[in-house]
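Here, each number is a calculation from the coordinates, and none is a lab measurement. Computed from a predicted model, the values in this text were never measured in an experiment. Please note: Cβ atoms are built from the backbone with ideal geometry, for glycine as well, and neighbour counts cover all protein chains shown.
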Amino acid sequence: MPEPRHLIVAEFSPYKGHCYTTVIANTRHVQWIGEGRSREAVRPFFDELG
């Protein structure tokens with residue numbers, strides 16, 4: 001995966017309640033989707049970047 005220059009981070013609840021999904025995208029493509037909205041939830045994305 002090429003290093004993104006700009007990231008968009010959005011979190012949403014796909015269902016009613018407190019179950020969240022986080023999406024990380026650059027200006028053209030979704031880069032990653034994960035469960036949760038905490039720092040630990042997005043850590044795997046940043047680990048992949050190195």
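Within segment 5-27, restricting attention to residues that are among the hydroxyl-bearing types (Ser, Thr, Tyr) and in contact (Cβ under 8 Å) with a residue 12 or more places away in the chain, the residue that is surrounded by the fewest Cβ atoms within 10 Å (Cβ to Cβ) is THR27. Selection of segment 33-50 for residues being assigned to a helix (DSSP H, G or I), under 17 Å from SER13 (Cα atoms) and not hydrophobic (A, V, I, L, M, F, W, C) yields only ARG39. Scanning segment 1-32 for residues that are part of a loop (DSSP other than H, G, I, E, B), in contact with an Asp or Glu (Cβ under 8 Å, 6 or more places away or on another chain) and of a type in the set (Phe, Trp, Tyr) gives a single hit, TYR20.
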